[in-house]
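The block underneath contains the structure these notes are about, expressed in structure tokens.
The values are calculated or read from the model by the stated rules, or taken from the named source; none is laboratory data. Bear in mind the structure is a predicted one, so any value in this text is a computation, not a measurement. Glycine gets a Cβ as well: all are built from the backbone with ideal geometry, and neighbour counts include every protein chain shown.
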Amino acid sequence: MKKIFLAITGSAMLLTACNNHPKVENTASYFDTKGMDSTVSAGDNFYSYANGKWVNTAQIPADLSSWGGFDSLRQGNINKLRTILDSLATKTDLKKGTLEQKAGDFYASGMDTVAIEKVGYTPLKARLAQIGAVQNYKDLISLLASGTKDGDGDLISMFVNSDARNSSMNILNLYQGGTSLPEKGYYTRNDSVTVNMRQQLVAHAARYFVLTGEDSAQAAKDAQDVLKIETELAQSHLAPAELRIPLNNYHKMAVADLQKSAPNIQWKETLSTMGFATDSLNVGQPKYVETLSKLLASEPISVWKNKVRFDYISRNADALSKAFRDEDFKYGQLFSGAKTQKERWKIMVSETDEDLKDVLGQLYVQKYFTADAKRRMDTLVNNLQNAFRVRIGKLTWMSDSTKQLALIKLNAIMKKIGFPDKWKSYDDVDINRSDYFSNLKSVTRHFFAEQMKKLNKPVDRGEWGMTPPTVNAYYEPANNEIVFPAGILQFPFFDANADDAINYGAIGVVIGHEMTHGFDDEGRQYDAVGNLKNWWTQADGEAFDAKAKNLINQYSSYTVLDSLHVKGDLTLGENIADLGGVTIAYDAFQLTKQAHDTTKIDGFTPNQRFFLGFAQVWRGKVRPERLRMLIATNPHSPYQFRVNGVLTNFEPFYQAFGVTEKSKMYKAPEDRVVIW
């Protein structure tokens, strides 16, 4: 089961890349009044009222696809990590095997673009020759299986995770794959933008082939094979909205039964070659492996070799010379809209964080995260949990029997704040500051070995799915846990000196959002210990589904880029969590002293500041190319709807800003969606 994240793209607030506080008229207020647009009525468009001037004047940095609070805070964290890594990279006498040596030398190896340029694509030549020598599809699968531990596998996507029906044990999972474009619709839609993307995929593959020594005419022909095979594979895929349904992705079976359904792959031998010793596994999307099996036998081996060759180059392009990195960026612009490539140091800071997770995470926490911040977050989380507990008890649409189980699940939520209690060992990772490509391979082998150790073993519930510097948060249904990395526990989400209205409107809503994920349309299908199990009465389930349907219809009516509709079914879980987050955080805020004070700050009451703080967190700008892809693939609604879509259903907002029937955001009480 995939983790449910707070945000995939950036959002929200006017921050500079190196400053943790907004440029506001009164910094003590923790609210950017200059970013508001007072010409807009709060009841007509609250997002614009709170953020309009900022939206009209803020500029997306040339190397980014979006800009807002998430993005700017990420940039601030990248600067902090750079401070650590730049210092370490200058030291050549660090003791081999230490955290400092691994982080510093990994970063230094990636920063040495002169050495990377000299090597060119030499690191790929041996593997490309092996692919070229393959004579039939059986040998191809064997070759791909043998390369799994080095990250050189393909077509068969495997990972180890908890068994959805037995969450205490890990199981091998097989997932749909084999495509490059964001989701299956990109292979069939005939609008001009999507057709161009398919054409650009072919041109992109051809340029990669040329860069690895093929003449342009042959490269153009071979590149057509990439689109051909991916289009056929894509027809077997579940769409993003379908992937959100847990039961769609759970098909546990014996390896012997998988052999019967996909007979052209020798599964027992293939899994053994990969290194996976197991008699059973979860086949997430059976139609994909069945289709792959048929196509392996029916398509010429030359087609498959071109597809695999492209995948191999594509996976490694960003670790190669400038020509490959430029091509990788040029193609990526179709989906990001970024104008320029990131500076090398930014790329390598992010790469070091991603690859040496707990190594760099420990160094970051030591320098930038305080015990006091963790204690304050503990208090906020407990306050939100208490508020949610009260709300569940007062629900009128849920029976007492289901409420009791909901409260058991709520009380059982595991809370992870800041960083892991136990850091993972990277003793098997060998880092050499003169060989970036080999360093990447060493890290890949480490993570594969980590997967192997977990297979068919008890789940370690202390594991984290994000690094400490990450500016995000998540809920994991299989563990029934909420996780808040140290990176997000900063302004504009949280500041110890900010008033309660701002903190509860910002990080309080984030906390409530993640808790609600345990009870959204996906999360509600998992019990208190993370098992995929129906614990609802039939009547309660039907009542929930009816409310969810209304939310689907509401968000499906929203459009961006003139006529592109938000996908209400794809975004349902996040919309439920957004609505629940505001509801629970507001209830918790009402238990504070400030909520009942009449003192205004910047001319706003405490309750108004709660909503303004919430809206300010979600302000952001996204390039059209990125927004188009997000609408097709991302379970989060665009920024403005994460604010207005929620508040149009929330009575305390109406009261705080005097919203009436004449206001554009007004909904009749009977039409408002109230779930948790």
Quiz item: Among the residues of the stretch 411-428, which ones are buried (at least 19 other Cβ atoms within 10 Å of the Cβ) and not charged (D, E, K, R)?
Solution: Ile417, Gly418, Phe419, Pro420, Tyr426
Exercise. Provide a single number: the residues in the stretch 143-179 that are among the acidic types (Asp, Glu) and without any contact (Cβ under 8 Å) to a residue 24 or more places away in the chain.
Key: 0
Self-check item: Subset tally (residues that are over 26 Å from Lys424 (Cα atoms) and touching a strand residue (DSSP E or B) at 6+ places or on another chain (Cβ under 6 Å)) for the stretch 320-370
Solution: 0
Quiz item: Which residue, of Thr98, Thr92, Thr57, is at pLDDT below 95, farther than 30 Å from Leu211 by Cβ and of a type in the set (S, T, N, Q)?
Solution: Thr92
Quiz prompt | Single match in Ala585, Ala539 (criterion: part of a helix (DSSP H, G or I), buried (at least 18 other Cβ atoms within 10 Å of the Cβ) and not charged (D, E, K, R)) | solution = Ala585
Self-check item: Qualifying residue in the stretch 484-491 (condition: assigned to a loop (DSSP other than H, G, I, E, B), crowded, with 24+ Cβ neighbours inside 10 Å, among the aromatic types (Phe, Trp, Tyr) and modelled with pLDDT under 95)
Solution: no
Practice problem: Might you check whether a residue that is touching a residue at least 40 places away in the same chain (Cβ under 8 Å), aliphatic (A, V, I, L, M), surrounded by 22 or more Cβ atoms within 10 Å (Cβ to Cβ) and touching a helix residue (DSSP H, G or I) at 6+ places or on another chain (Cβ under 6 Å) occurs anywhere in the stretch 340-349? | Solution: yes
Quiz item: What residue, of Ser298, Ser280, is modelled with pLDDT of 95 or more and surrounded by fewer than 14 Cβ atoms within 10 Å (Cβ to Cβ)?
Solution: Ser298
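Matching residues to (1) over 30 Å from the mean Cα position of the chain (by Cα); (2) closer than 25 Å to Gly151 by Cβ; (3) of a type in the set (S, T, N, Q):
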| residue | (1), (2), (3) |
| --- | --- |
| Thr212 | yes, yes, yes |
| Ala220 | yes, no, no |
| Ile229 | no, yes, no |
| Pro246 | no, no, no |
| Ser261 | yes, no, yes |
| Leu295 | yes, yes, no |
Exercise. Would you be able to tell me the number of residues in the stretch 355-374 that are surrounded by 13 or more Cβ atoms within 10 Å (Cβ to Cβ) and assigned to a helix (DSSP H, G or I)?
Key: 13
Quiz prompt | Odd one out for Thr598 among (1) β-branched (Val, Ile, Thr); (2) part of a helix (DSSP H, G or I); (3) modelled with pLDDT under 95 | solution = (2)
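Let's see how each residue does on (1) farther than 30 Å from Leu81 by Cβ; (2) assigned to a loop (DSSP other than H, G, I, E, B); (3) out of contact with any helix residue (DSSP H, G or I) (no Cβ under 7 Å at 6 or more places or on another chain); (4) free of Cβ contacts under 8 Å to residues at least 60 places away in the same chain:
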position: Arg376; (1), (2), (3), (4): no, no, yes, no
position: Leu380; (1), (2), (3), (4): no, no, no, no
position: Arg391; (1), (2), (3), (4): yes, no, no, no
position: Ser401; (1), (2), (3), (4): yes, no, yes, no
position: Leu410; (1), (2), (3), (4): yes, no, no, no
position: Ile431; (1), (2), (3), (4): no, yes, no, no
position: Asn439; (1), (2), (3), (4): no, no, no, no
position: Val443; (1), (2), (3), (4): no, no, no, no
position: His446; (1), (2), (3), (4): no, no, yes, yes
Practice problem: Could you tell me whether Phe310 is in a helix (DSSP H, G or I), modelled with pLDDT of 95 or more and more than 23 Å from the chain's Cα centre (by Cα)? | Solution: yes
Quiz item: From Val643, Val617, which residue is under 23 Å from the mean Cα position of the chain (by Cα) and at pLDDT below 95?
Solution: Val617
Practice problem: Determine if the stretch 564-574 includes at least one residue that is in a loop (DSSP other than H, G, I, E, B), hydrophobic (A, V, I, L, M, F, W, C) and surrounded by fewer than 18 Cβ atoms within 10 Å (Cβ to Cβ). | Solution: no
